[in-house]
């Protein structure tokens, strides 16, 4: 009997496929995530008293105090003050310019 044994994919091709998909995953997942994290970190570092902000919980108010890693926000006409960690600030609301 003269049977031919099928040969498998050479190891080099397997390594190339794995490297290709790892590169694609880096470009589609990890790189954009790092950009978002960097942008959020820069936003938190640029917070200042008087900024109007929205927290991740949906609380809207004006920053009245910044101490270490905590931000005090004044939320209403009654001047209710809430203290949050600075990473809880989701966005700084920019005034609309006419």
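Is at least one residue of the range 33-54 touching a helix residue (DSSP H, G or I) at 6+ places or on another chain (Cβ under 7 Å) and modelled with pLDDT under 95? Taking every residue of the range 33-54 in turn, at least one turns out to be touching a helix residue (DSSP H, G or I) at 6+ places or on another chain (Cβ under 7 Å) and modelled with pLDDT under 95.
Within the range 23-59, being surrounded by 14 or more Cβ atoms within 10 Å (Cβ to Cβ) and in contact with a strand residue (DSSP E or B) (Cβ under 7 Å, 6 or more places away or on another chain) holds for 43, 44, 47, 51, 52, 53, 54, 55, 59. The number of residues in the range 60-98 being in a strand (DSSP E or B), within 12 Å of residue 47 (Cα to Cα) and in contact (Cβ under 8 Å) with a residue 24 or more places away in the chain comes to 5.
The values are calculated or read from the model by the stated rules, or taken from the named source; none is laboratory data. Nothing here was measured: the structure is a model prediction, and the numbers come from that model. Reconstructed Cβ throughout: ideal geometry from the backbone, glycine too, with neighbour counts over all protein chains shown.
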